[in-house]
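Report on one structure; see the data block that follows.
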Amino acid sequence: MKIKLLFSVVTHEANKYYSRDGDKDDEYKMVLVIRNDLKMGKGKIAAQCAHAALANYKSARKYPKLLAAWEDCGQKKIAVKVDNVEELKSISKKAKAAGLISHIIQDAGHTQVAAGSQTVCGIGPGPGELIDKVTGHLKLL
């Protein structure tokens, strides 16, 4: 199955990185990629990021070593921005191709944005070195 293959890559990478002691390359993190063009309010952004973080966490629970590594790094989360839905989808596709956990959140449309709007992409938790290859060029929110 394609999803299992992606997660097996994550698990392999997690085991590889997790086995090191005290190396700066051990940094694990989650990146939340937010669409800036939707002009969501702060509360809406916070809610959408929470949805993404929870979705990614639920996927990561299958990999205890991955979660332990992320927890040991303080469960780091970083918010960055993209200009449109095409960029959001491209980032998610690149993350999955790199073997990282990635979920795009679609809004229900009850408040600020239209139903079905893709608002946030959660990437990780995973090795910072891998995540940076996908999101390192993006600006902080």
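A compact table of results
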item	result
Residues with amide H under 5 Å from that of Val82, placed H, sequence gap 5 or more	Ile34, Arg35, Asn36
Backbone HN-Hα couplings from phi across the stretch 126-131 [Karplus 6.51/-1.76/1.60, Hz, Gly and Pro as x]	x, x, x, 4, 6, 5
Inter-part distance where the stretch 71-141 and the stretch 30-67 are each reduced to a Cα centre, Å	7 Å
Average projection area in nm² (convex hull over Cα atoms of the stretch 36-141, one quarter of hull surface)	6.5 nm²
Whole-number percent relative contact order across the stretch 19-141, with pairs defined as alpha carbons under 8 Å at least 6 apart	40 percent
J(HN,Hα) series, the stretch 112-119, from Karplus relation 6.51 cos²θ - 1.76 cosθ + 1.60, nearest Hz, glycine and proline x	8, 10, 5, 4, x, 4, 8, 9
Ranked list, fewest to most other Cβ atoms within 10 Å of each Cβ, for Val134, Val33	Val134, Val33
Tyr63, Tyr28 arranged by Cβ crowding within 10 Å, fewest neighbours leading	Tyr63, Tyr28
Interchain or long-range residues, amide H under 5 Å from Glu27's placed H	Gly128
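Laboratory data are not the source of any read-out in this text; all were calculated from the coordinates shown. Since the model is a prediction, treat every value here as computed from it, not as a measurement. Please note: Cβ atoms are built from the backbone with ideal geometry, for glycine as well, and neighbour counts cover all protein chains shown.
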